[in-house]
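A quick write-up on the structure given underneath.
The values are calculated or read from the model by the stated rules, or taken from the named source; none is laboratory data. All values reported here derive from a predicted model rather than from experimental measurement. Cβ: placed from backbone, ideal geometry, glycine included. Neighbour counts: every protein chain shown. To get the accessible areas, we keep the full protein, side chains included, count just its heavy atoms, and leave off ligands, DNA and RNA. Shrake-Rupley method; radii C 1.70, N 1.55, O 1.52, S 1.80 Å.
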Amino acid sequence: MKNKFIIKATISLLLLFFILRNVNFSDIFELIKHANFKILTLAFSLHFVGLMLSSIRWKVLLNSQKVQAKLFFLFKSYLVASFFNHFLPSTVGGDSIRAYDSWKLGDNKEKAFAIVILDRFLGLFTLLIFAIIAMLYSPDLHDKIPQFWFWVFILSIGAATIIWFIFSPPTKFLNKIAQSNKGIVSKFAGIIYKMDVIFSEYVNKKLDLLFAFILSILLQSNVVFYYFAISTALGLPVVLIDYFLIVPLTIFITMIPISFNGIGLRESALFLFLSTYGVLQSEAIAFAWIEYGMLLLLGIIGGIIYSTRK
C-alpha cells in the first residue's frame, strides 16, 4: 500500500512538473483571483444538485431490490464518499463507502456492491452518449480531434458493452470460468458472475432502469453545466456543446488509477482539450485548480459529516 502511494504521488508530481514547467504561477493566481465569484458560487452549488440527483438514483436502484433507505442518509453517504475520494484510489474510491452503506441497509454484500457498480455504469454510459452526440453534432470538433471517426467508434463500443452487460449479462459464460479453478481469473470471474446475477434481476425492471437512466442524464448534464460555469467565470472561449465532449473525456482520464486523486492528470487533460480552443496553459491550470479546490471543499464537508457517524 505504501509503495503504491509513493508511485502515484511520484507520477502526480512528474505530471505537474511537465505541465507547470513553462507557466508563470502569478498568471494562474491572477486568473483565479479575478474569476467571477458569483458564477463560481453557482458552480459549487451545482455539486449539491448533483448529489441529490445521485441519491435519488441510488434510492431507485435500492428500492428495486426491496432495500429501503432514507434519501437524506444516502445524500450524507455521498458526501462522506467525496471525503474518502481524496484518499482511496481514483475518483471511484468513495464507492467502497457507498457499497458498505448499501450492505448495512440490505445485509447482502454482493447485492450492495452490484448496486453501486450498476449506479456507476449508468453514469459512465450517459457520459459516453454525451461524448458521441457532441462529436457528431459539433462541426468544429471534426477538425480539432485527430482520427475523429476512430474515437466515435471506440466510444460507441464502450456504450454498447455497458448496455450488453446490464441487459444481457453473460452469466453462464462467467459461471463456467468461475468453476474452472484457474487461480485469480476464476476468482475474478466469480465476483463478476455474482454481480451479473443481480444485474439480470433488473432486466425485468425496465421502468426502474429507465428512471435511473433519466436521472443519470440530468446528473451528467449538471456536471457539464458545472464545468461550463467555471469556464464562464474565467472567461474562456469555449461554448457549452463542446463541454459535452470535454467533460466525459476529462473524467475518464482522471479515473485512471495511476496518480494521486487525479492530480496531474486533471491539469494535463484539461489543457490537452481546452488548448484546441485557444485556451492558454495558465487558464487551463487555473480551471483545473478551481475545480479541484471545490472538490476539496466538498470533501471537507463530507469529512465533518463522517466524524459525526457512529
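Hey, does region 65-77 have a residue that's closer than 19 Å to residue 253 by Cα and either surrounded by fewer than 20 Cβ atoms within 10 Å (Cβ to Cβ) or under 21 Å from the mean Cα position of the chain (by Cα) (or both)? No: zero hits. Taking residue 18 as the residue in question, decide whether it is among the aromatic types (Phe, Trp, Tyr) and modelled with pLDDT under 95. When the stated conditions are applied, residue 18 passes them. Applying the set (1) at pLDDT 95 or above; (2) loosely packed, with under 15 Cβ neighbours inside 10 Å to residue 293 leaves exactly one unmet item: (1).
Here residue 211 fulfils each of the conditions (1) surrounded by 18 or more Cβ atoms within 10 Å (Cβ to Cβ); (2) assigned to a helix (DSSP H, G or I); (3) modelled with pLDDT of 80 or more apart from (1). When 272, 298, 245 are checked against the criterion of being assigned to a helix (DSSP H, G or I), of a type in the set (A, V, I, L, M) and more than 22 Å from residue 152 (Cα to Cα), a single residue qualifies: 298.
In region 269-287 there is at least one residue that is under 22 Å from residue 49 (Cα atoms), surrounded by 19 or more Cβ atoms within 10 Å (Cβ to Cβ) and modelled with pLDDT of 90 or more.
Note on region 248-264: residues that are in a helix (DSSP H, G or I) and open to solvent by less than 20 Å² (accessible area, probe 1.4 Å) total 3.
Select from region 18-48 the residues that are of a type in the set (A, V, I, L, M) and closer than 30 Å to residue 71 by Cβ and write down the one among them that is least open to solvent (accessible area, probe 1.4 Å). Selected residue: 43. Reported count of residues in region 97-123, each being without any contact (Cβ under 8 Å) to a residue 60 or more places away in the chain and under 14 Å from the mean Cα position of the chain (by Cα), is 3. Contact map, region 124-138: residues that are farther than 11 Å from residue 243 by Cα paired with residues that are among the aromatic types (Phe, Trp, Tyr) and at pLDDT 80 or above, Cβ distance under 7 Å, separation 6+ or inter-chain. Pairs shown: 133/244.
Every residue, every condition in (1) assigned to a helix (DSSP H, G or I); (2) modelled with pLDDT under 80; (3) closer than 25 Å to residue 153 by Cα; (4) open to solvent by less than 60 Å² (accessible area, probe 1.4 Å), yes or no:
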| site | (1), (2), (3), (4) |
| --- | --- |
| 82 | yes, no, no, yes |
| 92 | no, yes, no, yes |
| 98 | yes, no, no, yes |
| 110 | yes, yes, no, no |
| 118 | yes, no, yes, yes |
| 126 | yes, no, yes, yes |
| 131 | yes, no, yes, yes |
| 135 | yes, yes, yes, yes |
